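**Q** My structure is below; once you've seen it, I'll send some questions.
The values are calculated or read from the model by the stated rules, or taken from the named source; none is laboratory data. Just so you know, these numbers come straight off a predicted model, no measurement behind them. Glycine gets a Cβ as well: all are built from the backbone with ideal geometry, and neighbour counts include every protein chain shown. Calculation scope for accessible area: heavy atoms of the full protein, side chains included, ligands and nucleic acids excluded. Shrake-Rupley method; radii C 1.70, N 1.55, O 1.52, S 1.80 Å.
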Amino acid sequence: MGFRFRKHIPGLFPKKVHRSELRLFLGKLYFQWKRNFVWLCEQKFFAKKIVESKLIEKEFPISIVSHNSPIYRKLKDVPMYLQENKKVNLSIALQKINGILLEPDQVFSFWYLVGKPTKRKGYLPGMQLKNGGFVERTGGGLCQMANLIYWMTLHSPLTVKERWRHSFDIFPDSNRTLPFGSGATLSYNYIDLQIQNTTKQPFVLHIWIRNDHLNGEWRTDREIPYSYSVYESYHAFHAEPYGGYTRRNTIRRKVFLKSTKEIVDDQLVTENIAWMMYEPLLESDQRKNDPTQ
């Protein structure tokens, strides 16, 4: 993965806008009510049925894609108890998602299934990114599950209907194994992860925790004819004329025909832009001195 520095290209990234707390609160309230209205009107389209854990592999024997990520990460200025709390929060949320059956034309919505993470439900304070830093919020850390589901979905024939990226790049890379910007952020309930089954066969989502790792896979009842490779086609740091740096990249996906390994499509997945909260040279130096790179 290469890194480049580029000057700002006018018109591609707007100047930072600082909004008052009142405006942010009212805006959030508006979009939450708007989401509730959509859920009410279109509830028949959202996946709700759960397949029992003991029947998942029996009824859906084909694993299309699997992935896992460590729950505990050493992050600067982030106390470890927030990581412990994150594991609790993930354990609670996965009970609402593990085994969800996604029939043809149905939509998987993270928040529709999980609901609002509250103390009453057992959720604990966890780390949540906000305006270029992190804060403690009840239910914090659930983005890790959204990241996992989103990454797996990119390696399946399912369609990402809604996904939001982080606006800030908080920490320098540390042993990164996936491309920058390949995750999905969450905020109840208006910043959601939604996946639609545009195929003609059912899929089931299997999520579990084992050995301090969050594990997941998409399973189905018969083979699919394609395989997928997700890659980064562009990555650079941009110096902005009004101060600061942005980090940008382009993620694409190659679709292969399994029988011949022929490339049948090369699709644009997303273009990410994020404000950097550290000096870009720190990123380059860290990767240079990292023996795993």
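**Q** Can you give me the % of accessible surface on the range 20-104 that is carbon or sulfur? Probe 1.4 Å, all protein chains present, nothing else counted. If you can, show how the numbers build up before the last one.
**A** On the way: 3340 of 5690 Å².
Ligands and nucleic acids excluded, carbon and sulfur reach 59 percent.
**Q** For an R0 of 45 angstrom, estimate the FRET efficiency from the Cβ-Cβ distance between E240 and Y72 and round to the nearest 0.05. Mind dumping the intermediate values first?
**A** Working: r = 34 Å, r/R0 = 0.76.
It comes to 0.85.
**Q** Let me ask something additional. Would you work out if the range 185-256 is rounded, prolate or oblate? Take a ≥ b ≥ c from the square roots of the eigenvalues of the alpha-carbon gyration tensor; rounded if a/c is under 1.5, else prolate when a/b is larger than b/c, oblate otherwise. Don't jump to the answer; show the numbers that get you there.
**A** Values: a/c = 2.23, a/b = 1.66, b/c = 1.34.
Because a/c hits 1.5 or more and a/b exceeds b/c, the range 185-256 counts as prolate.
**Q** Run the numbers for W33 and V88: contour at 0.36 nm per residue of separation, minus the present Cα-Cα distance, in nm.
**A** Details: separation 55, 0.36 × 55 = 19.80 nm, distance 2.81 nm.
Extra length available between W33 and V88 comes to 17.0 nm.
**Q** Here's another thing I want to ask about it. Taking a threshold of 30 Å on the Cα-Cα distance, which of the pairs K48/K261; K44/K258; K34/K96 fall above it? Before the final figure, lay out each step's value.
**A** Numbers: K48/K261 36 Å; K44/K258 34 Å; K34/K96 23 Å.
The pairs that break the limit, which is 30 Å between Cα atoms, are K48/K261; K44/K258.
**Q** Moving on. If I model a spin label as a point 7 Å beyond the Cα along the Cα-Cβ vector, how far apart are those points for E279 and E59 in nm?
**A** In this crude label model, E279 to E59 measures out at 5.7 nm.
**Q** Now for a different question. Which of the peptides 236-243, 137-144 is most tightly packed, and how do the rest follow, judged by the mean count of other Cβ atoms within 10 Å per residue? Intermediate values should be presented prior to the final figure.
**A** On the way: 236-243: 13.2, 137-144: 22.0.
Ranked from most to least packed, the peptides come out as 137-144, 236-243.
**Q** For the range 184-260, what is the accessible area per residue in Å² when the probe is 1.4 Å?
**A** Numbers: 3030 Å² over 77 residues.
So the range 184-260 comes to 39 Å² accessible per residue, rounded to a whole number.
**Q** Another question, if that's okay. Quick one: putting +1 on the C-beta of Lys and Arg, -1 on the C-beta of Asp and Glu, what dipole do you get for the range 161-263 around its Cα centre, in Debye to the nearest 20?
**A** Numbers: 15 positive and 11 negative charges, 75 e Å.
For the range 161-263, the charge dipole is close to 360 debye.
**Q** Calculate, in nm to one decimal, what T177 and S20 gain on full extension: separation in residues at 0.36 nm each, minus their alpha carbon distance. Write down the numbers at each step before the final one.
**A** Details: separation 157, 0.36 × 157 = 56.52 nm, distance 3.72 nm.
In short, 52.8 nm is gained.
**Q** Mind checking the per residue accessible area of the range 123-164 for me, 1.4 Å probe, whole number of Å²? Numbers along the way, then the final one.
**A** Working: 1540 Å² over 42 residues.
Ligands and nucleic acids excluded, the result is 37 Å² per residue.
**Q** Please give the length that would be gained between E52 and T260 if that part of the chain were fully extended, namely 0.36 nm times their separation in residues minus their C-alpha to C-alpha distance (nm, one decimal).
**A** Values: separation 208, 0.36 × 208 = 74.88 nm, distance 3.60 nm.
That pair, E52 and T260, stretches by 71.3 nm at full extension.
**Q** Under unit Cβ charges (Lys, Arg +1; Asp, Glu -1), what dipole magnitude, rounded to 20 debye, does the range 55-119 have relative to its Cα centre? List each step's numbers first, then the result.
**A** Numbers: 9 positive and 6 negative charges, 104 e Å.
In total the dipole reaches around 500 debye.
**Q** Can you tell me the FRET efficiency between L40 and Q95 if r is taken as the Cβ-Cβ distance and R0 is 22 Å, rounded to the nearest 0.05? Before the final figure, lay out each step's value.
**A** Numbers: r = 24 Å, r/R0 = 1.09.
Approximately 0.35, to the nearest 0.05.
**Q** Can you list residues from other chains, or at least 5 along the same chain, whose modelled amide H is less than 5 Å from the amide H of G140?
**A** G126
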